[in-house]
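The values are calculated or read from the model by the stated rules, or taken from the named source; none is laboratory data. Treat the numbers as computed from the prediction; the structure is a model and nothing was measured. Glycine gets a Cβ as well: all are built from the backbone with ideal geometry, and neighbour counts include every protein chain shown. Each accessible area value is taken on the protein alone, full model and side chains, heavy atoms only, with ligands, DNA and RNA left out. Shrake-Rupley method; radii C 1.70, N 1.55, O 1.52, S 1.80 Å.
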Amino acid sequence: MFWKFDLHNSSQIEKLLEKEDVTLQELLDEEDVLQECKAQNQRLLLFLTRDSSMLELLNLVTHEPPADREEKLRY
């Protein structure tokens, strides 16, 4: 029977949010961050709506990244 097996996969986002010093950049680097937002992950949404996170997100959206950074980090 399938419930014998532990099929619950803890997401990398949850593991990062358990860290005390997690950064916004670490979370944004994760592939499934959008899916977790769409799934309304409460811990992730609380982190993203903190004042410091909102200011950093606003800065990322409104300022052009430096040209000398690698392309992956720029976009």
Lys19 vs. criteria of a type in the set (Lys, Arg), surrounded by 10 or more Cβ atoms within 10 Å (Cβ to Cβ) and modelled with pLDDT under 95:
no
Consider only pairs whose beta carbons are under 8 Å apart and that are at least six residues apart or on different chains; among these, list those whose first residue lies in segment 58-72 and is modelled with pLDDT of 90 or more and whose second residue is open to solvent by 100 Å² or more (accessible area, probe 1.4 Å).
none
Selection within segment 14-53 - farther than 21 Å from Tyr75 by Cα and in a loop (DSSP other than H, G, I, E, B)
Lys19, Glu20, Asp21, Ala39, Gln40, Asn41, Thr49, Arg50
Filter segment 22-49 for residues that are β-branched (Val, Ile, Thr) and more than 13 Å from Ser11 (Cβ to Cβ); the one that is most open to solvent (accessible area, probe 1.4 Å) is Thr49
